[in-house]
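One structure is given below, encoded as structure tokens.
The values are calculated or read from the model by the stated rules, or taken from the named source; none is laboratory data. All values derive from a computational prediction rather than experimental measurement. All Cβ positions, even for glycine, are placed from backbone atoms using ideal geometry, and neighbour counts span all protein chains on display.
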């Protein structure tokens, strides 16, 4: 097991765990990416052990125990791409049909998984001696060996084709409507690289499986598969290296400016009407303090784009709406919610709720100083500012000014 191939796969598993538990970014979509990296790495180790290992123990552990993980590689990869291009990582009930092959295959191996270690070693020694013995062993009680292996190239090819279709449809539509966003172009390059490498991995896995089905002699099998293993691992290294070079990809695509027309429905892009209202001046101080420390995941250009869109929402006083949440801000600005969360946390260094409350209190101070209370009661003012209750308004006002609204009014009249 002392091989660059194994170390690369173990590193991929480590990266997949980092992505899975990473607290920022597009977490739900990234967990599909983590699943793809994890299970493809596991299967790559399995293939390496099967082809090159001389250890009966490792053959018994990997080759006879976890071959069903192959059927998870395609679904996780597909759901990752679909989540990114649709900006929606949710799975419908019918989506779970993608896991039927894995469940069926895994269920068939359960009796063998619970067999004794001695029996596993015995099976491992038979396989290590001659790969053609797989045909006569009954490791999977539900899936005949050749059917199990023969269906895999078709399954991975299906996901290769549909991933490319999703990307082609998305970029065909988005090129007509998306603004010049640095994040968009980074993601475009990443998705093309990712799908190219997934195609390469699928080709490598499929070639190995086909060779295993039609080649009984292990020496011939090794000669056929060796080049494919090298190409596959090279693709893996490229994928991991790209993730390190462009960590922005964990934040996904900016939402495109969606216009209802033919072609968009093909990828289930929901349409939103563009805001055409005139932007009015405001006397509210717009937060301009951006952390001078370079932000790791977004380019300065993209951060500026987010800042401009948020400033527009401030100018139009969207923060005064009672149902104004970060999701509503996402709809208004056409910026994904997870991008906005990152912006507030790292650029403004405050939570969205703190930002919204600060704007509301600033505006309340302006209204009080402009004698708006000549025509409004304090509870009516709280309602006008979008607070859920008068008590919430008082608490927020005191936190910022160290006095209640009535005390503040009394002080300015002195």
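Assorted remarks:
- Flag for residue 220 being at pLDDT below 85 and not in a helix (DSSP H, G or I): no
- Matching residues in segment 91-121 - criterion: being part of a loop (DSSP other than H, G, I, E, B) and over 27 Å from the mean Cα position of the chain (by Cα): 114, 115, 116
- From the options 88, 30, residue that is under 21 Å from residue 194 (Cβ atoms), outside any helix (DSSP H, G or I) and not assigned by TED's automatic domain parsing to the domain that holds residue 342: 88
- Checked against (1) closer than 23 Å to residue 336 by Cβ; (2) surrounded by fewer than 18 Cβ atoms within 10 Å (Cβ to Cβ); (3) at pLDDT below 80, residue 165 passes all but a single condition, namely (3).
- Residue ID - modelled with the highest pLDDT, chosen from residues in segment 168-185 that are in a helix (DSSP H, G or I), touching a helix residue (DSSP H, G or I) at 6+ places or on another chain (Cβ under 7 Å) and within 19 Å of residue 83 (Cβ to Cβ): 169
- Taking first residues from segment 319-345 that are within 17 Å of residue 301 (Cα to Cα) and not assigned by TED's automatic domain parsing to the domain that holds residue 29 and partners that are at pLDDT 85 or above and in a loop (DSSP other than H, G, I, E, B), the Cβ contacts under 8 Å between residues at least 6 apart in sequence or on separate chains come to 344/350; 344/351.
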